[in-house]
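No lab work stands behind these numbers, since they all come straight from the coordinates. Note that the structure is a prediction, hence the values are computed from the model and not measured. Using ideal geometry, Cβ is built from the backbone for each residue, glycine included, and neighbour counts are taken over all protein chains shown.
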Amino acid sequence: MITNDLPSPHSGEPPPSRPWQRDAMVPLAAVIVVGGLAIAFDAADRWCLFAARSGVTWLDEVLILMALIGLAIGWTALCRLRVHARLAATMGHHDARLRATNRELEGFSYAVSHDLRAPLRILNGYLDLLRRRAGDRLDDRERMFLDEALRGAHHMDVLINAMLDYARAGGAPLEVESIDLESLVDDMFLEAAPRLRDVGGTASRAALPRVRASRVHLTRVLRNLIDNAVKYRAPTRPLILRVTGRAVDDRVEIRVADNGRGIPEGARERVFQLFQRLEPDDGMPGTGVGLALCRRILERHGGRLDLVPTVGGGCTFVLALPI
């Protein structure tokens, strides 16, 4: 656990240096990862012994072994990202020493996420090999097991990519420039036009101020919010999407409002957390990373992303950027 043990800013004393905390972090995390995989493989070995005595088919053994490998990989990644998110939340407003530690954690999260792709490729490769070699000999039930394993591996790949995106958003340099927000929003509406037509939705904007931000990152935020509005539209009324903006004191405030399903008051902060979805089993594609990534991007700009209800039903996302 990392705590802010720095002296008061009025004390005039420099912060103590504790390099052992940083040096111990990577070996400890490596032990956790290797230990988790070792436990998973030991469990798989014990299962194979049980299976030999119980008459379980070889296909069942292979699928269980693959599932344990996948579970170990996914659980390791999830633990690392959750630890990183908690640490980042506690260090957001501290001095340069803690910000440097945060950057090291981001780099480590990126490295762990990147390295997880190697065993995942092995898992996918063996599953695909199994389907090609034994596909004709499988009955419907066994084929269903194999298809579920392949779908799980694909979903894990999507989650790892999302984790990499989240880590990159915290470490990539920001190329801040003056942006014509009206032109950018118009481009986003043009990109979303086919989907809006498919659902019978409309999108409009008011006059918008210029902003200073990274064009790549701000485009990503707006695209994610528009996609969410289309995805989570209300089934009983046509989608109406509206973007407004104004200068407020020392910041520019942009509002992306829809008349969709809305989000209950108790869940309005939870949707900004990693891997948190309002309805995990709603059948909608997604990883639960998008809104966490959007808020992270706004915070890197020195801004904020919040959620308030739309009058009459729906959600309004409020983006605040410094002038």
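Quick notes on this structure:
- Amide H contacts of Gly201: Leu239, each under 5 Å away and 5 or more positions distant or on a separate chain (H built 1.01 Å from N in the peptide plane; Pro and chain starts excluded).
- Modelled this way, with points 7 Å down the Cα-to-C-beta line, the labels at Ala247 and Gln273 are 3.9 nm from one another.
- In this calculation the C-beta distance from Thr236 to Ile323 is compared with R0 = 30 Å, giving a FRET efficiency of 0.15.
- For Ser214, the residues 5 or more places off, or on other chains, whose built amide H falls under 5 Å of its own are Glu177.
- Karplus-derived 3J(HN,Hα), 6.51/-1.76/1.60, for each residue of segment 256-265, Hz, glycine and proline x: 10, 10, 9, 10, x, 5, x, 10, x, 4
- For segment 204-219, 3J(HN,Hα) computed residue by residue from phi via the Karplus equation (6.51, -1.76, 1.60; θ = phi - 60°) reads 8, 9, 9, 5, 10, x, 6, 10, 10, 6, 7, 4, 4, 6, 5, 4 Hz, glycine and proline entered as x.
- Once Rg and the Kirkwood radius are both taken over the C-alpha atoms of segment 176-322, their ratio Rg/Rh works out to 0.94.
- At full extension, Arg255 and Asp187 could sit 22.8 nm farther apart than now, given 0.36 nm per residue minus the alpha carbon distance.
- Pairwise FRET efficiency - Arg210 versus Arg151, Cβ, R0 = 45 Å, nearest 0.05: 0.50
- Estimated FRET transfer efficiency (Arg137, Asp227; beta-carbon r; R0 35 Å; 0.05): 0.25
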